[in-house]
1. Using Cα atoms only, what is the angle between the long axis of helix 369-395 and the major principal axis of the chain, expressed in degrees (0 to 90) to the nearest 10?
2. Between 0 and 90 degrees, rounded to the nearest ten: what's the tilt of helix 119-139 against the longest Cα principal axis of the chain?
3. Could you give the Stokes-Einstein D for the range 4-96 in µm² per second, using the C-alpha Kirkwood radius, 10 °C, 1.306 mPa s?
4. Given the DSSP H assignment, sum -39500 (n - 2.57) over each helix run of at least 4 residues in the chain and divide by its residue total; what's the result at 222 nm in deg cm²/dmol, nearest 500?
5. Once the Cα atoms of helix 502-522 and of the chain are each reduced to a long axis, what angle between those two axes, in degrees from 0 to 90 to the nearest 10, is obtained?
6. Counting each pair of different Cα atoms once, what's the Kirkwood radius of the range 308-438 in Å, rounded to one decimal?
7. Of the cross-linked pairs 265/428; 114/260; 265/486; 271/486, which ones have a Cα-Cα span greater than 29 Å in the structure shown?
8. Give a residue-ordered list of calculated ³J(HN,Hα) values for the range 436-444 (Karplus: 6.51 cos²θ - 1.76 cosθ + 1.60, θ = phi - 60°; whole Hz; x for Gly, Pro).
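Just so it is clear, none of the values below were taken in a lab; they were calculated from the coordinates. Computed from a predicted model, the values in this text were never measured in an experiment. Cβ sites come from the backbone with ideal geometry, for glycine too, and all protein chains shown count toward neighbours.
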Amino acid sequence: MLVKIIMVAAFAAVAVGIGFICRRHAASVDGFVLGGRNVGPWLSAFAFGTSYFSAVIFVGYAGQFGWKYGLAATWVGIGNAILGSLLAWWVLGPRTREMTQRLRASTMPEFFGKRYSSRALRIAAAAIIFVFLIPYTASVYNGLSRLFGMAFGLPYEACVIGMALVTCIYVVIGGYMATVVNDFVQGIVMLFGIVAVVAAVLAGNGGFSEAVIELSQVPAEGTELQGAFVSMFGPDLLNLLGVIVLTSLGTWGLPQMIQKFYAIKSGPAIKQGAIISTLFAMVVAGGSYFLGGFGRLYGDQIAFAADGTPVYDSIIPTMLSGLPDILVGLVIVLVLSASMSTLSSLVLTSSSTLTLDLIKGNLVKDFGERGQLLCMRGLLVVFVVISAAIAIVQYNSSITFIAQLMSISWGALAGAFLGPFLWGLYSKRISRAAVWASFIVGVGLTTGNMIMGFVGEPLIASPINCGAIAMLLSLAIVPLVSLVTKPAPFELEIAHPSRKSAIDRELEAEAREAEAGASISEQ
């Protein structure tokens with residue numbers, strides 16, 4: 001117990017310490033939100049990966065999909081690495097970095113507002129983010145209860161409040177730079193933790209070959225396939241594809257993920273970040289889903305609901321309960337790392353969006369930089385408190401609406417934003433009507449499907465498949481509607497990356513002045 005307490009306390013102290021070290025980078029709005037757009041490839045890649053993979057992935061999804069699809073669930077991790085990381089960096093990274101700098105956009109709603117010359121689109125995008133990102137933020141706490149209960153015997157409420165407090169301190173003090181530096185440290189913990197846990201669980205089942213043999217003898221419900229849980233595509237390929245699309249393509253339209261491309265250095269940093277991010281995803285996501293694929297070996301030990309279905313959040317903790325204390329401590333720090341990195345990214349995105357896209361210019365006309373910083377810091381605290389409260393209320397009640405809203409938030413956000421953002425980067429022919437159509441279909445399909453589930457039968461049984469369909473529809477709707485509607489006015493030319501334009505030189509001069517000002521203020 002002492003070893004586990006020391007590990008967690010040291011982890012929290014390092015996180016808060018990094019916040020204080022990085023406070024000088026948070027003296028301006030651009031520095032607080034984007035780190036001055038000068039973040040290196042390693043920090044950016046780890047920030048992308050740790051924001052991508054939270055405790056929801058390690059505890060919830062790995063257990064759930066490993067149970068349903070066996071070792072074929074590893075394809076989800078591979079899809080996350082190739083489609084969700086590598087291709088996202090290649091296709092979106094350079095263009096996003098270029099256009100957001102030229103448009104002087106710090107948030108996704110601001111990009112929509114300036115790219116499509118529409119204040120209404122900017123406000124609508126900010127509202128969608130506010131409504132769906134907060135429940136998603138609350139879901140980040142999922143997975144902590146059983147692991148902390150197993151390791152420390154602490155109540156869920158204490159775990160949530162402790163994690164929220166530490167995250168709040170370092171993000172409020174250090175802003176974006178504190179999050180990415182902490183993400184780097186937390187990412188290293190996640191890499192070592194996943195490798196160590198997978199090795200330990202396999203060793204506890206007689207090694208890889210013995211574990212696979214034993215898993216091959218477990219029958220799968222609803223199929224006559226022998227050894228379904230060790231087959232290449234598992235017992236249910238169609239639904240497995242839905243999971244891959246949702247969890248991989250979703251990163252292309254989520255504001256907290258796209259923000260990493262706003263802040264990275266220009267030049268070769270994006271290509272380097274793509275490789276680093278892909279390798280990180282392959283280890284963390286691939287390792288998590290691979291581990292979950294052996295969940296059926298613990299079928300006689302996990303918890304089951306009253307209707308006989310397994311409690312998916314109990315599968316991974318059950319697999320880890322027999323590990324040595326030092327490894328259990330490492331797992332606790334791993335889950336804390338995954339949760340805090342995602343939580344910090346989400347609340348920073350929410351507070352900056354609400355401040356810059358809804359309050360500034362709408363509610364407060366003359367909003368100076370100091371006021372914006374104070375507002376963002378205050379909203380950070382508010383959002384952390386709200387997300388913690390939602391998580392605690394959901395844990396102690398049976399309010400299905402909150403749980404459903406959490407489950408559809410990823411699909412609703414990416415379903416609304418994916419098409420308008422991707423096509424808006426590459427085409428001048430996109431219309432405002434097409435963007436509105438994507439917003440309506442993405443939010444309408446996911447929430448409408450949820451409401452139909454409350455009153456009767458949903459149109460699409462799986463919210464995961466519903467989210468995946470919303471994303472694909474967004475990609476198709478935007479160009480189709482744009483063919484028959486008037487393009488939004490857009491005059492910005494994308495210069496060749498090797499040439500510096502006047503605006504590039506102006507922005508570089510501003511960055512040098514900001515650094516000089518920060519240095520003088522320190523002295």
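1. Helix 369-395 sits roughly 20 degrees off the main axis of the chain.
2. 30 degrees
3. Numbers: Rh = 16.3 Å.
Once the numbers are plugged in, D ends up at 98 µm²/s.
4. Details: 21 runs with 368 residues, N = 523.
Result for the chain: -23500 deg cm²/dmol, rounded to the nearest 500.
5. Long axis of 502-522 versus the principal axis of the chain: about 80 degrees.
6. Numbers: mean 1/r = 0.0533 Å⁻¹.
Its Kirkwood hydrodynamic radius stands at 18.8 Å.
7. Numbers: 265/428 25 Å; 114/260 19 Å; 265/486 35 Å; 271/486 35 Å.
Over 29 Å Cα-Cα: 265/486; 271/486.
8. 4, 4, 5, 4, 5, 5, x, 6, x
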